[in-house]
Amino acid sequence: MNLFAAFPKFINIVASIETKLILEDLMQVLIKIEEKLERKRGKKNDPRTCDMDIIDYNNKIININFNNIEISVPHKNLISRNFVLYPLEEISPKWSHPITNEMISDLIKKLSDDDKKSILKIKKN
């Protein structure tokens, strides 16, 4: 079974922000935004209205349990997620992984050919 065919397409966005919030307070803000967008937490990888993750937090390595949600920063599957790596490279081309110290461009090079082809970039007008 093709997993990609089982789920609808989605738009992924990466944003860079500056905040004075501690990680737990930032998570609370993100959860409130998800709730306002009617996010429902069902089974893992179920389609959802939105999913907000913290990709990097001051280049720190963090593993916590927050409101019964396991939070890992950087996200444990980051290096295999083309839909995160490509937009992250656009806004932060010099970013390096806090654990492996690999540059974003090197992480993208390691993606499979299928992963490199399966993402569609929306062009600006």
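Bear in mind that the values in this text are calculations on the coordinates, not laboratory data. Remember, predicted model here, so these are calculated numbers, not experimental data.
Which pairs break 26 Å Cα to Cα here: K76/K109; K36/K94; K9/K116? Intermediate values should be presented prior to the final figure.
Working: K76/K109 18 Å; K36/K94 33 Å; K9/K116 16 Å.
Table pairs above 26 Å Cα-Cα are K36/K94.
So how much slack lies between E70 and L120, counting 0.36 nm per residue of separation and subtracting their Cα-Cα distance, in nm?
Numbers: separation 50, 0.36 × 50 = 18.00 nm, distance 2.96 nm.
Between E70 and L120, full extension yields 15.0 nm more.
Using modelled amide H (1.01 Å from N, peptide plane; none on Pro or chain starts), what sits under 5 Å from the amide H of I62, excluding residues fewer than 5 places away?
Those qualifying (amide H under 5 Å, at least 5 residues apart or on another chain) are V73.
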